[in-house]
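Written below as structure tokens is the structure these notes are about.
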Amino acid sequence: MQLSATELASNTLNPETLNLSVQHFKSNGYVLFENVLPPDLIAAMHAEFMQVFNAHIASTEQNRGSNRYQMHLPFAEPFIDPRVIENPFVLAIVEAIVGNDCVCTYFASDTPLYGSEYQAVHADTHPLFPETGLAVPTYNIGFNIPLVDFHTDNGPIEIWPGTHLTAPGTDMATLAPLMQSEEVLMPAGSLLIRDLRLWHRGTPNRSDNARPNMAMIYAQRWLKTHYPSVSIPQATYDGLSPRAQQLFRDENIGGDLVNMPS
Ligand SMILES: O=C(O)CCC(=O)C(=O)O
């Protein structure tokens, strides 16, 4: 979806866009706003990301398959820019779906390099009430920001629209190849908002450059996951807006920054 110049200038979705976006999310399990964050912010995030990433991979093993890394991000500028952690377009959708009391529980990234392969199709969260065999409403939402343009050659995410509502226990591995999927080709600075149950997989990066995807999760406050808390120095937390403080209030306030290159 392309936001209008008026929406971008006012940082507000018009009621029709909000309504259609929420319907799109509920029907397809995701909504994409293209080209939202300004190039200077994305350039700063990309430059800092590559420093953090290169230091990280020099001292750690690939952890998401061949030449592919999940990495937690330091809770620091430029990654904590308000346009990122409390983006008004994203929060409008998130609040409409999981309510105002939601929390942000994950602050990280996914990066395939040259030589990465297709991942197994998967969801990023566990089903609730699996014993009922029923799909329930959305309870956690992934938010991705591509830090470079994602195109067919550099490992775009592949998604299976609508699969967030499949019954728990559905045979994903057998069914996925028989179903419609799409590669999410998106320019750097787009905002991809997805139900974490949506079936997806990483695809091979055949280019020479890393393909970083920033990843956050907004969830119902009562949801328990296995992710480590986001570690936020006290002074950083104190400097956040009241809304951002509310979003991160259940994280490790007073903790040290993770993955800061020395
Ligand atoms: O390619 C991506 O950004 C997502 C990769 C992914 O789904 C994963 O590593 O679990």
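Since every read-out is calculated from the coordinates, none of them should be taken as a lab result. Only a predicted model underlies this, so the values are computations on that prediction, with no experimental measurement involved. Every residue, glycine among them, receives a Cβ derived from its backbone with ideal geometry; neighbour counts consider all protein chains shown.
Going by the alpha-carbon gyration tensor, a ≥ b ≥ c the square roots of its eigenvalues, is the stretch 109-262 rounded (a/c under 1.5) or, if a/c is not under 1.5, prolate (a/b greater than b/c) versus oblate?
Numbers: a/c = 2.24, a/b = 1.20, b/c = 1.87.
The shape class here is oblate.
Here the dipole of the stretch 187-262 is about 400 debye; that uses its Cα centre as origin and unit charges on the Cβ of Lys and Arg (positive) and Asp and Glu (negative). Evaluated with a Cβ-only charge set (Lys, Arg +1; Asp, Glu -1), the chain carries a dipole of roughly 380 debye about its Cα centre, given to the nearest 20. Relative to the Cα centre, the charge distribution of the stretch 132-262, modelled as +1 at Lys and Arg Cβ and -1 at Asp and Glu Cβ, gives a dipole magnitude of about 340 debye.
Let me know the whole percent of all Cα-Cα pairs from the stretch 58-120 that are separated by more than 20 Å.
Working: 923 of 1953 pairs.
Roughly 47 percent, once rounded to a whole number.
Under the Kirkwood approximation applied to all pairs of distinct alpha-carbon atoms, what is the hydrodynamic radius of the chain in Å?
Values: mean 1/r = 0.0531 Å⁻¹.
18.8 Å is the Kirkwood radius here.
Please give the direction-averaged projected area of the C-alpha convex hull for the stretch 32-178, in square nanometres with one decimal. Could you put the intermediate results ahead of the total?
Numbers: hull surface 41.8 nm².
Hull-based average projected area comes out at 10.5 nm².
In terms of its alpha-carbon gyration tensor, the stretch 91-164 comes out oblate; a/c meets the 1.5 threshold, while b/c is at least as large as a/b.
Taking the alpha carbon gyration tensor of the stretch 1-71, multiplying each eigenvalue by 5 and rooting it gives semi-axes of 34, 19, 7 Å, largest first.
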